[in-house]
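Here the structure comes first, spelled out in C-alpha cells, and everything after it is commentary.
Quick note: the coordinates plus some simple rules give every number you see, no bench work behind them. Because the structure is predicted, anything quoted here is derived from the model rather than measured. Ideal geometry is used to build each Cβ from the backbone, glycine not excepted, and the neighbour counts take in all protein chains shown.
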Amino acid sequence: MEERTDTEIVYDNQDGSFTKQIYTEPINVKEDGDWEPVSNMMILDGSDSIAPERTEIKPTFFPEMEQGKYSQFGEGDNQITFALESADGEQGKEAVKDVSATLKDNEVRYKDILKSTDLRNLTFNTSVKEDIVLREYTGVHSYNFNVTTALKA
C-alpha cells in the first residue's frame with residue numbers, strides 16, 4: 001500500500017509499520033484523479049509540440065522555431081507566446097535564425113540561433129528557467145523578444 005499527496009509519500013513496510021517521506025516542494029501531481037510522480041523529462045507529444053511529461057506548469061515548446069517563436073503557455077484564449085526575434089550589437093541588428101529544438105532530460109535547446117549563441121529552457125515542476133548561452137563574445141549586447149497575449153490594455 002502506498003499513499004501520496006503533492007508533498008509526501010507513505011509506504012507500508014509490510015511489517016505493521018509505515019514510512020512517510022515529506023518534501024518541502026511538490027513531488028507529485030494529480031493526473032486523472034491519482035497522484036503521480038513529477039517528471040520534468042521533455043517529450044514530443046502527439047500534437048507536434050514539446051512538453052514536460054508530468055508537471056504542474058504546462059509549457060509547450062515548438063520542435064522548430066517559427067519566426068522566432070519558440071514557446072507557449074496556457075490554453076485557448078489564455079495563451080502567451082514567446083519569440084526571440086533579433087539581437088543588437090556592435091555590427092547592428094541581427095535576425096535570429098529559426099532552428100530545430102534538441103531535447104535532453106528537462107532541457108529544450110535551440111542551438112546557434114545567432115553566431116555562438118543558444119537559447120536554452122530548463123523545465124521544473126512549477127517554473128521554467130530560460131538562458132541565453134553565449135559560447136563566445138560576438139559583440140551582441142541586447143536581445144529583442146516579442147511576447148504575444150490576448151490581454152487588452
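Hey, what do the phi angles of region 17-33 turn into as Karplus ³J(HN,Hα) couplings, whole Hz, using 6.51/-1.76/1.60 and θ = phi - 60°, x for Gly and Pro?
10, 10, 10, 10, 9, 10, 10, 7, 10, x, 10, 10, 10, 6, 9, 6, x
For E25 and I43 in the same chain, what is the full-extension length gain: residue separation times 0.36 nm, less their Cα-Cα distance, in nm?
Numbers: separation 18, 0.36 × 18 = 6.48 nm, distance 2.31 nm.
Going from the current span to full extension adds 4.2 nm.
Can you give me the Cα centroid spacing of region 1-54 and region 69-107 in angstrom?
That distance is 30 Å.
Quote to one decimal, in nm, the extra length available between L103 and T149 on full extension: 0.36 nm per residue of separation minus the C-alpha distance between them.
Working: separation 46, 0.36 × 46 = 16.56 nm, distance 2.61 nm.
Value of the extension gain: 13.9 nm.
Collect residues whose amide H, placed 1.01 Å from N in the peptide plane, falls under 5 Å from the amide H of V29; neighbours closer than 5 in sequence don't count.
Amide H neighbours of V29: E36, V38.
What is the gain in length, in nm to one decimal, between V133 and S116 on full extension, counting 0.36 nm per residue of separation less the C-alpha to C-alpha distance? Walk me through the numbers before you get to the answer.
On the way: separation 17, 0.36 × 17 = 6.12 nm, distance 0.83 nm.
Contour length minus Cα-Cα distance gives 5.3 nm.
Taking all pairs of different Cα atoms in region 66-137, averaging 1/r and flipping that mean, what Kirkwood radius in angstroms comes out? Mind dumping the intermediate values first?
Values: mean 1/r = 0.0751 Å⁻¹.
This gives a value of 13.3 Å.
How would K20, K97, K152 line up from fewest to most surrounding beta-carbon atoms within 10 angstrom?
Details: K20 9, K97 14, K152 4.
Least to most surrounded, the residues fall as K152, K20, K97.
Could you give the C-alpha radius of gyration of the chain expressed as a fraction of 2.2 N^0.38 Å, taking N as the number of residues it contains? Mind showing how you got there, number by number?
Values: Rg = 19.7 Å, N = 153, 2.2 N^0.38 = 14.9 Å.
After normalising by residue count via 2.2 N^0.38 Å, the value is 1.33.
Give a residue-ordered list of calculated ³J(HN,Hα) values for region 55-63 (Karplus: 6.51 cos²θ - 1.76 cosθ + 1.60, θ = phi - 60°; whole Hz; x for Gly, Pro).
After applying 6.51 cos²θ - 1.76 cosθ + 1.60, I find 9, 5, 7, 10, x, 10, 10, 7, x Hz.
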